[in-house]
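All remarks here apply to the structure that follows.
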Amino acid sequence: PSMAKADLDELPNYENIVSRGDTLVEHLEWQLRMENLDDEEMKFAMEVLYSINDDGYLAHPFEELIAETELDRDHAHSILELIQRLDPVGCGSENLVDCLLAQAKIAEERSPLLEKIIRDHLEDIRCNDFEKIAKTTGVTSEIVKSNIELLQNFHPKPGRLISPADTHYV
């Protein structure tokens, strides 16, 4: 069989499609171009992209970015959420909580409990204090642990998945 046909049959999952030496901004912009954004939305989206550092976080507070745009706050926030859903998920977040929440929201097994744990208990996770989380959330520590295991698939610095500073192994 021709090589081309075989390739189409086994398209790699998106994680293996490493951008071709693109910068993180180029990688995100390429995806944004497929969204139907109007000029003002695109302008704001690009402001956001240009303020994302190599780890994938906003280098400037979102409030400062909003001040630069004509879009109203909710509209601007919806653009930010759109950016956070692009691959790698979580880029454009202001902090670790936002970054992990963005990833939790698109997880195959979406878990409101996991989202609550991320919001309220990152420090407890760091200290492995599952009992405390269980008490506060009203579930068993087994359930807490199984939710926290899902976090192992998340990337605390999603920008590093693309950032040219790293060597890419596929």
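The values are calculated or read from the model by the stated rules, or taken from the named source; none is laboratory data. Please read all numbers here as calculations on a predicted model, not as lab measurements. A quick note on method: Cβ atoms are made from the backbone with ideal geometry, for glycine too, and the neighbour counts reach across all protein chains shown. Only protein heavy atoms, including side chains, enter the accessible area calculation; ligands, DNA and RNA are left aside. Shrake-Rupley method; radii C 1.70, N 1.55, O 1.52, S 1.80 Å.
The single condition among (1) at pLDDT below 95; (2) hydroxyl-bearing (Ser, Thr, Tyr); (3) farther than 18 Å from Lys105 by Cβ; (4) under 18 Å from the mean Cα position of the chain (by Cα) that Tyr14 does not satisfy is (3).
Of the residues making up the stretch 31-84, those that are open to solvent by less than 70 Å² (accessible area, probe 1.4 Å), among the small types (Gly, Ala, Ser) and part of a helix (DSSP H, G or I) are Ala45, Ala76, Ser78.
Pairs linking a residue in the stretch 36-57 that is of a type in the set (Val, Ile, Thr) to a residue that is open to solvent by 40 Å² or more (accessible area, probe 1.4 Å) and not in a helix (DSSP H, G or I), with Cβ atoms under 8 Å and 6 or more positions apart or on different chains, are Ile52/Ala59.
Can you find a residue in the stretch 111-118 that is within 28 Å of His27 (Cα to Cα) and surrounded by 13 or more Cβ atoms within 10 Å (Cβ to Cβ)?
yes
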